[in-house]
Amino acid sequence: MRLRLRFSKIGKVRFVGHRDVARIIERGLRRCGVPVTYSEGFSPRVRLSFGLALPTCYESEAEYLDIPLDPESVVDGDVVCTGWREGTTNSIEQLRTALNEALPTGFEVVTLVIEPKVGPSLQESIISCTWRFDIRGGNLELVQRAIVAALESSTVEADRKKKNEILRENIRDGIYDLRADGTSELGPIVVAELSAKPRVIRPSELVEVLAPGSELGVARRTHQWIEREGARYEPLALNNSRTIKDLA
Amino acid sequence: MTSLWPRLEPLLPRVEKPARYIGCEDGARTDIYKPEATSWLLTYPDTYEIGLPNQGLQILYELLNERPDAFAERSYAPWTDLEAEMRRARLPLFSVDTHRPAAEFDIIAFNLSAELVYTNVLNCIDLAGLRVRASERDDSDPLVGAGGHCAYNPEPLADFVDFFVMGDGEEVISEITDIVGAWRVTGKPSGSRDTVLHALARIDGVYVPSMYNVVYDGPKLVSVEPRHSDVPPIIQKRTVADLADWPYPRNQLVPLTEVVHDRLNVEVFRGCTRGCRFCQAGMITRPVRERPASQIREMVSKGLERTGYDEVSLTSLSTADFSDIEKVVSDTIDEPGTCGRVSIALPSLRVDAFTVGVAAQVSRARRTGLTFAPEAGSWRMRQIINKLITEDDLYGAVRSAYSQGWHRMKLYFLTGLPSEMDDDTLGIAELVQNCVEIGQEYTKKASVTVSLGGFVPKPHTPFQWFGQNEPEELQRKVDLLRSKVRRNKRIQLKWHSPGASTAEGITSRGDRRIGRAIEYVWRRGGVFQEWSEHFDLALWQEAMNASGLSLEWYVHRHREEDEVLPWDHIHAGLHKDFLWQDWQDALAGYGLEDCRWTPCYDCGACTEYGIEHVVASPAPPNGGSQGTGQDLATGHLVPVELRPRAGIGGT
């Protein structure tokens, strides 16, 4: 069995890097007594399997994490806790509350399920992500024009830093959706669905295309998408009753 | 209250490790701002990763935030990339808790853990928007304070810092808050700064450099004397008598980004009386004050449960000396909440107290790195420095570790010690090779990392009169050892830069005039001097020349018995004649026992202040006077002499 979480990362904590997020979550799981499993070897670590790594400085309302559980500790859909919570049994909702108390402000578990371990890993199955970002100092009209031009063209050239060199690549095939969506106090807001395969395309690569000389404001991942039988799904959809608190 | 966050946020995507600057730690207080309260900005003048775990700073942070009429926030030196962005955007130094500007606090207080951070202190004062020289600051500017081990020679920073605190801060911080609070309610009118500093100077343990006149005779220091009759001529350190009264930090900060010592840290005792003659910490923090084992257990289990850490460090200057350490370790591992998955770090292990029993307990959990500090390569040298561990003690500890499953360990050594000869340096190679051979009896992977530091004599130690080796001589010794161990692939040799040791020497035993050199280095961009990528000895040499100061005078010459030392007006309890006698005993090769288990020899640390050791066990670990029972009265057949200053080559 595994626990699959969807969590958000909003506000100051957007500056925390991916590896640090893993450590934060590990501590949170330990505080809540989640019956995690450990890797083998000289220095066993908690098994955690994330969706696509979120770049440092980006916010998200759609982070995913699979946590393999000790199968014997799942009883009637509830979790029998260990460690510091030995002797307590938590429903899914209780566990969500406990995790949110244990995680730092800015991280929020929005939904979670316990399910059998089947199918490919999150990382393998994510095909694209939807992003919402603003462009600091951009001009809405010019951005809109650039979007139209990009979508009409078969090539969109963008620079990408790779180690010590800068690669220029055509990313047009990786742009599934691109539109302007009003303005924030920083500048025009753009919504984009960008491919995750063969490589992840980041909003920062689009800024130079849409508003040369401007800077990425705050970017937020709003969705990660997987494909099943030709249709597009989120690994965990949000309940209608639950909306993400905007902490920014 | 002003938050600089909206201005800082756009800069962060441009810098390395932006999570250093966001705060948000578990345990951080963001709700404590009170417009009428006395506010402290506790500042660690190095990076966040180095500064965050600092226990002293965290203890004071909690104590101040418990007071209804005060609050404290924290700040760390911004790395050079953010500093450049901040200066471009005219953004001042800020607290990480609420991102308030530093200049809005009543007190900016620095933790001085190492001398090479002094230029960062100046940089932080400047980034706060204040004049770096204390005499040029305005009445309403924040007071700049400093404490920590390096404050025991405050003179090099005397021109920049308004007040220093000597010793344990738990009690004195409250007294300072009262005085500054009273000043605060007057609105800090013109001319009042001198009055509040005068009041601070009358608190036990507080030194206000501007209340003292310094008299020189050529290069010689003649005196440091109070300018007022009600200001004490000698500043006495503060010591908390019983650690049991101070179970802090109760809520250790848990950072969101990885820092050094990223684990639960529980201080098991303070002070050390092993009497190693090179060790400033062991001299100035006497006597030994153990925390009750039951309190340690509670702090460990509550701390682990609250933080979610799976590693705990039992900290002190020599943790294996704690009474019945084996029991403390096994209780920690047996704490049910950890499911047996907790690792225990024991920093600063004495080899004569690290037994198979302790090794076996520690290795029941995940094994942490092991570090031993024999400090010198020969018994002769270890007698001189009073690190009275025999080769067999070391081999016994190493065998305990390898037999309990460790594959590697780290050994610390010093070079450039008084009267050191090449045979002593080469003795390190022999010791280490023997350790590796012991390891190979247990595992094919056995290896040893040797860390070699250049010895910098420190104030308030018996070696304070010793002339430090020149960087060339230190480098020669490093090379000597390197050539000896290079072929052995199981030995990794790391060494501290001899140039950095020289700069540390300038700042460690300098007088007030050294402030000119520190300011010179800072003005030419010499920050983060502890970081090799930023360190440049040439800049320090240039600074000394430009300030008309001599490296030979401040660093390399041997001091005279009757010489006035720049820190003579600061008292750590230790009688100066005790230290001089211990220096003479060192040169004669006489050892000195640990007074926690043997009769008092009146160094002054207890008798001066009417306090005593708090030690649960009347017997040393592993038996014997220093744990080994060797005859300490042997000494050398012929007293050794110091290496003559002119020659290089080790006599």
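For segment B:159-178, the count of residues that are surrounded by fewer than 24 Cβ atoms within 10 Å (Cβ to Cβ) and closer than 30 Å to B:SER532 by Cβ is at least one. Scanning segment B:279-310 for residues that are within 14 Å of another protein chain (Cβ to nearest Cβ) and of a type outside the set (Ser, Thr, Tyr), we see that the one that is surrounded by the most Cβ atoms within 10 Å (Cβ to Cβ) is B:LEU304.
Say we look at segment A:22-44 and pick out the residues that are surrounded by fewer than 15 Cβ atoms within 10 Å (Cβ to Cβ) and either in contact with a Phe, Trp or Tyr (Cβ under 8 Å, 6 or more places away or on another chain) or within 8 Å of another protein chain (Cβ to nearest Cβ) (or both); which of these is modelled with the highest pLDDT? Among them, the one singled out is A:TYR38. Screening B:GLU298 against (1) under 25 Å from the mean Cα position of the chain (by Cα); (2) assigned to a helix (DSSP H, G or I); (3) within 18 Å of B:SER323 (Cα to Cα) leaves a single unmet condition, (1). Suppose the filter is among the polar types (S, T, N, Q) and either within 22 Å of B:LYS458 (Cα to Cα) or surrounded by 20 or more Cβ atoms within 10 Å (Cβ to Cβ) (or both); does B:THR186 pass it? No; evaluated as a whole, the condition is false for this residue. Quick check on segment A:45-54. Is at least one of its residues at the interface with another protein chain (Cβ under 8 Å from one of its Cβ atoms), without any contact (Cβ under 8 Å) to a residue 60 or more places away in the chain and surrounded by 18 or more Cβ atoms within 10 Å (Cβ to Cβ)? No: zero hits.
Just give me the residues in segment A:1-49 being among the small types (Gly, Ala, Ser) and touching a helix residue (DSSP H, G or I) at 6+ places or on another chain (Cβ under 7 Å), in sequence order.
Step one: of segment A:1-49, the residues among the small types (Gly, Ala, Ser) are A:8, A:11, A:17, A:22, A:28, A:33, A:39, A:41, A:43, A:49.
A:GLY17, A:GLY28, A:GLY33, A:SER49 - these are the residues of segment A:1-49 that are among the small types (Gly, Ala, Ser) and touching a helix residue (DSSP H, G or I) at 6+ places or on another chain (Cβ under 7 Å).
Considering only residues in segment A:99-119 that are in a loop (DSSP other than H, G, I, E, B) and more than 22 Å from A:SER60 (Cα to Cα), the one that is nearest to the other protein chains (Cβ to nearest Cβ) turns out to be A:LYS117. Among the residues of segment B:29-55, those identified as assigned to a loop (DSSP other than H, G, I, E, B), within 14 Å of another protein chain (Cβ to nearest Cβ) and either free of Cβ contacts under 8 Å to residues at least 12 places away in the same chain or crowded, with 23+ Cβ neighbours inside 10 Å (or both) are B:ASP31, B:LEU52. Kindly indicate whether any position in segment A:161-175 is farther than 27 Å from A:GLY17 by Cβ and assigned to a helix (DSSP H, G or I). Yes, segment A:161-175 contains a residue that is farther than 27 Å from A:GLY17 by Cβ and assigned to a helix (DSSP H, G or I). Counting the residues of segment B:531-557 that are surrounded by 21 or more Cβ atoms within 10 Å (Cβ to Cβ) and over 23 Å from B:ASP217 (Cβ atoms) gives 2. Going residue by residue through segment B:576-584, is there one that turns out to be in a loop (DSSP other than H, G, I, E, B), surrounded by 15 or more Cβ atoms within 10 Å (Cβ to Cβ) and within 26 Å of the chain's Cα centre (by Cα)? The answer is no; no qualifying residue exists.
Being small (Gly, Ala, Ser), touching a Phe, Trp or Tyr at 6+ places or on another chain (Cβ under 6 Å) and closer than 30 Å to B:GLU298 by Cβ is true for just one of B:GLY337, B:GLY369. Which residue is that? Give the derivation first.
On the way: B:GLY369 fails: touching a Phe, Trp or Tyr at 6+ places or on another chain (Cβ under 6 Å).
Only one candidate passes the filter, namely B:GLY337.
Name the single residue that is nearest to A:PHE15 (Cα to Cα) among those in segment B:4-39 being polar (S, T, N, Q) and at pLDDT 95 or above.
From segment B:4-39, those polar (S, T, N, Q) are B:30, B:38-39; that's our starting set.
With at pLDDT 95 or above added as a condition, the list becomes B:38-39.
Values: B:THR38: 31, B:SER39: 28 Å.
Per the stated criteria, the residue is B:SER39.
Only residues that are surrounded by fewer than 20 Cβ atoms within 10 Å (Cβ to Cβ) and more than 10 Å from chain B (Cβ to nearest Cβ) were counted across segment A:70-86, and they come to 10.
Rundown of residues vs (1) surrounded by fewer than 18 Cβ atoms within 10 Å (Cβ to Cβ); (2) of a type in the set (A, V, I, L, M, F, W, C), yes/no style:
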site	(1), (2)
B:VAL312	no, yes
B:ASP321	no, no
B:THR332	no, no
B:SER343	no, no
B:ARG350	no, no
B:THR371	yes, no
B:PRO374	no, no
B:HIS407	yes, no
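There is no residue in segment B:245-266 that is closer than 21 Å to B:LYS387 by Cβ and either within 14 Å of chain A (Cβ to nearest Cβ) or touching a Cys at 6+ places or on another chain (Cβ under 8 Å) (or both).
The values are calculated or read from the model by the stated rules, or taken from the named source; none is laboratory data. All values reported here derive from a predicted model rather than from experimental measurement. No Cβ is skipped: glycine too gets one built from the backbone with ideal geometry, and neighbour counts run over all protein chains shown.
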